[in-house]
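Quick note: the coordinates plus some simple rules give every number you see, no bench work behind them. The model shown is predicted, which means the values in this text are computed figures rather than measured ones. Cβ coordinates were reconstructed from backbone atoms using ideal geometry, including for glycine residues, and neighbour counts include every protein chain displayed.
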Amino acid sequence: MIKKNIYIVFISFIVGGVLSFLVGRVSMQHKIESTLVYGETYEGAVSNIQLNPIKEESSDKPILPMKQIEIQYRDTGNTKSITETRYIYQIVDTAAIIADYILKRSYDVIAFDDMDKGKLRLFPVVQYNKLEAINYEFTPVYHQTSVYKEKVWQPFISGSYSSLDIIGLGGGVFYHNIGFEYQYQIDYENIRKGHSFVLKYKF
């Protein structure tokens, strides 16, 4: 009788294992993950040939340097002085104009920095009233898509032995993180049979 029970349990164990394998293969779903990856930064410079202006215009209302002065005066019959602020055009300073003309101005401009196009930095240099050079740094962004196969149903088989001379064989299934297990158990000391039902959760 005991050998017969062992034989039944053993056959059930094998059949359950085969069924678990087949169910596990067909119960697959695809998991898609998209991540952003920064590429290698490219550095370069715009050719001076491309820095020629496409249009030059003189202003009808030029902004000339002005100087702020205060004028104090007293109206007839008034004992208090009145202070009035006025602005007058400054005398042309040729040396200052030349100094400003030869002054080199370097800039650091971020043209754009977003997760779709990447990051572009420009380093323009202005001297002698014109654009002298433009260096740049460009860091592209790539959308990397990964596809994973994930089991929705994950069958398993199990076996157990207790110090109370109880042997159990069975199996179960996980649905995502929640699992259910069944075991057929035999008590060899008292020649008894039983069933075990277990609820599991994966962290």
- Using the Cβ atoms and a cut-off under 11 Å, what net charge is assigned to the surroundings of Ile110, where Lys and Arg are +1 and Asp and Glu are -1? -2
- Query: Just in the range 136-203: which GluC sites (Glu not before Pro) are loop by DSSP and have at most 13 other Cβ atoms within 10 Å?
  - Reply: Glu189
- Query: What FRET efficiency do you get for Asn190 and Ser158 if R0 is 25 Å and r is their Cβ-Cβ distance, rounded to the nearest 0.05?
  - Reply: 0.65
- Task: Would you kindly derive the ³J(HN,Hα) couplings of the range 119-130 from the backbone phi angles with the Karplus curve 6.51 cos²θ - 1.76 cosθ + 1.60 (θ = phi - 60°), listing them in order in whole Hz, with x for Gly and Pro?
- Result: 9, 10, 10, 10, 10, x, 10, 10, 7, 6, 6, 7
- Item | Ratio Rg/Rh [Cα only; Rh per Kirkwood] for the range 79-203 | 1.71
